[in-house]
Amino acid sequence: MNTQVALLSDHACFGGVQRFYQHDSATIGLPMKFSVFLPPQAVIDDAAGQVPALIYLAGLTCNEETFMTKAGAQRLASSLGLVLIAPDTSPRGANLPGETDSWDFGAGAGFYLDATETPWSRHYRMESYITDELLPLLVARLPIKPGRIGIFGHSMGGHGALTLALRHPGLFKSVSAFAPICAPSQCPWGRKAFSGYLGPDTTRWARHDASALMASLRTAPYPGGILIDQGLADKFLDEQLHPHLFEAACQKAGQTLQLRGHADYDHGYYFIATFMADHLNHHARQLSE
């Protein structure tokens, strides 16, 4: 990586290496952090064969460390030969009024979109950051195989994974989610975020709503199928997540969806770690084709 990207730490992990980075983002206009796990199949000096990559988008209040420290994904990713990438969940240090007033808007809650409302539009540009800056930067500098990139995430990050996959089907070859916010236009978290970032025009909201996006399609964008796991003891299920609306939209579009409900599991990382292997294998199959 070039001199504008700083390696913060480097850890041997399951025959590969876990790295944490910071760089000056031109898109965000602020320093941004991200983490990368390189499996042993990816030569550590970045000089040899290319392998598939999987980007994970974390949920509200999380950051670039959450997935790598809590999800237990590196062991199987090492075996499967998958690069894992986790960006932060929002800009940090923009010092905007109200940025840190609540846990579900502002810092730690970027919702993986480009804000259009002031003052958020200056820095809160997470969609463009991920799709136009971070991934091209990593593909250019790490042994990642172009055209073999998948995306998944949890909660707000599940929303981000679904919407970015639907908005950029040429960039992502596979998609899955854990307890995603499936219809943000119809839940309190989404209405708060969309009102603040996108303003009152609900037509803008629909462009970042996975259920609305899927319902608008005439052909299925992911023939290999989409996987969603949902804990049935999740306290946010009924009010915030609405997976049944995304399921109905997939049926309308002819999109294969495996929506699995799990009794007793909640919204946290014990749930995510339990079903992580299924998601990694889901992506590995599609990214190998």
Checklist entry - Considering only the other residues whose Cβ falls under 15 Å of the Cβ of LYS173, what net charge follows from Lys and Arg at +1 and Asp and Glu at -1? => result +3
Item to check | Point-to-point label distance, ARG207-LYS252, nm (Cα→Cβ direction, 7 Å offset) | outcome: 1.9
Next on the checklist: Using C-alpha positions alone, give me the convex hull volume of the stretch 1-125 per residue in cubic angstrom.
Outcome noted: 108
Checklist entry - If you take the square roots of the eigenvalues of the alpha-carbon gyration tensor of the stretch 247-289 and sort them as a ≥ b ≥ c, do you get rounded (a/c under 1.5), prolate (a/b over b/c) or oblate? => result oblate
Checklist outcome for this item: Within the under-10-Å Cβ sphere about LEU227, not counting LEU227, Lys/Arg +1 and Asp/Glu -1 give a net charge of -1
Checklist outcome for this item: Neighbours of THR27 by Cβ distance under 15 Å: Lys/Arg at +1, Asp/Glu at -1, summed charge -2
Item to check | Sites ARG218 and ARG122, calculated FRET efficiency, Cβ-Cβ separation with R0 51 Å, nearest 0.05 | outcome: 0.90
Checklist entry - For the residue pair ASP104 and GLU289, what label-to-label distance in nm results when each label sits 7 Å from Cα along the Cα-to-beta-carbon direction? => result 3.7
Next on the checklist: As an exercise, use a Förster radius of 22 Å and the Cβ-Cβ distance of ASN281 and LYS235 to find the FRET efficiency, rounded to the nearest 0.05.
Outcome noted: 0.20
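Where a number appears in this text, it was derived from the coordinates with a stated rule and is not lab data. Everything numeric in this text was worked out from a predicted model, so none of it was measured. For neighbour counting, all protein chains shown are included, and Cβ atoms are generated from backbone atoms with ideal geometry for every residue, glycine included.
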